[in-house]
Amino acid sequence: NWHPLTWLSHMLDCQLFGAKPSWHHLTNLLLHITNILLLFTVLRRMTGAIWQSAFVAALFALHPLHVESVAWVAERKDALSTLFWLLTMLAYLGYVRQPKIWRYLLAFSLFALGLMAKPMLVTLPFVLLLLDYWPLERFDYFRWKTLRPLIIEKIPFIILAAISSIITFIVQQKGGAVTDFDSLNLKIRIANAFLSYMRYIAKMVWPTNLAMFYPFSYNPQNTLFLLESILAFVVLAAITVLLIFTGRKYKYAVVGWLWYLGTLFPVIGLIQVGGQAFANRYTYIPLTGLFIILAWGMPDLLQKLHYRKLVIGIAALAAIVALSVRSYIELGFWSDSITLSSRAIEVTEKNYLAHCLLACALYDQGRWQDAMIQNNKSLQIMPGYMYAHQNLGKILAEQNKLEEAIMHFSKVLELKPNLVSAQKNMGKACLGLGRLQEAAEYYDTILSKNPLDADAHEGLGVALGRQKKLDEAIEHFKQAIRIKPDFAGAYYDLGFALAQQSKFNEAVTPLTESLRLDPNSEKTHFCLARVMSEQRNYEQAVLHFREAIRLKPDRAESLNALAWLLAASKQAKFRNPEEAVKLAQKACELTGNKEFNFLDTLAAAYAASGKFPEAVSTAEKVLHLAVESSQNKELLKDFQNRLNLYKAGHTYIEP
């Protein structure tokens, strides 16, 4: 969507509160509370009816269908746009009572801001026209002469709404959100629209089995779907005709009903955006029309009843309490992703999206096997669902099953060739398999369309670096950092590449910055420790090796490197032979006592601790393994010289 005001509100929250969710939720809640107070104020000023206005505001405040718009942080656009909707109505009321140009411009400006929060406000000019009939009573029923000037008055609003609609359609279509008519023909969309109008009414009256996603479950062989939609059309048409013919007597009913029908129209599914059949969040503004009918209709309906006020008061209070309890229960389902997705699966059928989202939540918890089960269920319901394929690919990649992962990523790219996330996943998997040229091509494709993609620069840099094209790789790492100054991974890659060029002094700065941004990166601690060792800064090297081992106790390379430093350091104050032996033994155990370099460290540690027989036998094994697997004569010579030292009862000190 194009809703810059909503984006700015999220950006402001992040600037003020960071990524702490409680504050973002609080902003939504404060907006909702403001909307409640504004709705009450607008209705009271327009009608003068305090209790009816309060009842509408209470229903708006507490109805379970509105939980989604407040509890879901990303639905900020609902609460924010409604704020400007109500402010526009308030400003319009001021203009009607004192018709001055600045009041009109104020209402127009607030409407423009509302459209920039959510384009669903395109129906507001229509609602303002309804308000002209009731409660403002600016025109007579079916009297064109009195209606025409009011329509002309709304033309600037209508033009702005039309521009917003065009922008929204173009943006959503380019973003791939708009479903084409081949996938879902117009007849089915119209049928679903009539059904959805009735579903919303049913859930308003009896708000149970609510879900964050209702799948579009049309089956061409299901004649019941079409019969239900025809029945829904008949009911809707009958209510509409009845209210039109009684419109002079029950003006509020006509306004409330047309408010409901009209404000839902943009999201009723004739232009299908997304895969949902209907959605709770779409009721945030439209239900107000039905609430108005209830608030003003109950006194009219029960006007001949004894103790009418008492009965109405008790009924209203009971409704508010019941809705409060139901909303409290509904809020519990929004506590975390697993609960929310599981609830949707429980109360709907064939909910492929809920299974997929549950898989994502399980994946984030490291429950890969459970996540795979949920993704497979999603694909059983919708075999071509690309996000389930993408999730499966990511899980398989985490398990280092890269060939299988690539099969799923390829499926995603078949369905959506330009999906950048899939191209990145393919690039990363190809890197893991050593298919460096292929990986570079994927990243090149991304950068050809978006030269400011920091992740693609970093990925391409890694591919080039592994091909020993270090200068080119370094340029891409630097570009990634320029684009994304807090990119810890790119700083690490830059430092690593510089270290490979033996530019150890230059490598320290990016590696240190990487650790500042990501203090728990084991590989960065290890790399920085190696650089510090090369600079003979053994104190810092020991600190970083220890931190690397703390973060990843079973990495043999870290254990071996620290053991070597503690056994053979030129500076005696850093030598600790006993600890060196323990570390080297663990490194050798982890590698099955088959890595001659690790055994060489163990031999040096034995010698440093005075255990020369063990040092000699270990060094002999080192030489035997090295002769079998290495043709490096200088290396073999070093091993032989160290063996001779141990036989002579001397320790090895690194020169």
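The values are calculated or read from the model by the stated rules, or taken from the named source; none is laboratory data. Source: prediction; values computed, not measured. With ideal geometry, Cβ positions are generated from the backbone for all residues, glycine too; neighbour counts draw on all protein chains shown. Just the protein is used for accessible areas: all its heavy atoms, side chains included, with ligands, DNA and RNA removed. Shrake-Rupley method; radii C 1.70, N 1.55, O 1.52, S 1.80 Å.
Looking across region 98-122, the residues that are farther than 20 Å from ILE36 by Cα, in contact with a Gly (Cβ under 9 Å, 6 or more places away or on another chain) and in a helix (DSSP H, G or I) come down to ARG103, LEU106. For region 459-471, the criterion of being assigned to a helix (DSSP H, G or I), free of Cβ contacts under 8 Å to residues at least 12 places away in the same chain, at negative phi and more than 22 Å from the chain's Cα centre (by Cα) is met by at least one residue.
Taking only region 245-259 into account, find how many residues are outside any loop (DSSP other than H, G, I, E, B) and either crowded, with 18+ Cβ neighbours inside 10 Å or at pLDDT 90 or above (or both).
Taking region 245-259 and keeping what is outside any loop (DSSP other than H, G, I, E, B), we get 245, 251-259.
Then drop every residue that is not either crowded, with 18+ Cβ neighbours inside 10 Å or at pLDDT 90 or above (or both), which leaves 251-259.
Total satisfying the criteria: 9.
Scanning region 460-497 for residues that are open to solvent by less than 50 Å² (accessible area, probe 1.4 Å) and either aliphatic (A, V, I, L, M) or closer than 23 Å to ALA529 by Cα (or both) yields a count of 22. The criterion of at least 2 residues that are without any contact (Cβ under 8 Å) to a residue 60 or more places away in the chain, open to solvent by less than 70 Å² (accessible area, probe 1.4 Å) and within 25 Å of LYS377 (Cα to Cα) is met by the following helices (runs of 4 or more DSSP H) wholly inside region 278-352: 337-347. When every residue of region 207-226 is checked against the conditions, at least one turns out to be surrounded by 14 or more Cβ atoms within 10 Å (Cβ to Cβ) and assigned to a helix (DSSP H, G or I). With respect to the conditions (1) closer than 30 Å to LYS350 by Cβ; (2) free of Cβ contacts under 8 Å to residues at least 24 places away in the same chain, GLN272 lacks only one, and its number is (2).
For region 498-520, the criterion of being assigned to a helix (DSSP H, G or I), basic (Lys, Arg) and buried (at least 20 other Cβ atoms within 10 Å of the Cβ) is met by none of the residues.
Of the residues making up region 386-412, those that are within 25 Å of PRO215 (Cα to Cα), out of contact with any Gly (no Cβ under 9 Å at 6 or more places or on another chain) and open to solvent by 30 Å² or more (accessible area, probe 1.4 Å) are TYR387, LYS394.
Taking LEU270, is it touching a Lys or Arg at 6+ places or on another chain (Cβ under 8 Å), in a loop (DSSP other than H, G, I, E, B) and open to solvent by less than 10 Å² (accessible area, probe 1.4 Å)? Show your work before the answer.
Working: touching a Lys or Arg at 6+ places or on another chain (Cβ under 8 Å): yes; in a loop (DSSP other than H, G, I, E, B): yes; open to solvent by less than 10 Å² (accessible area, probe 1.4 Å): no.
No; evaluated as a whole, the condition is false for this residue.
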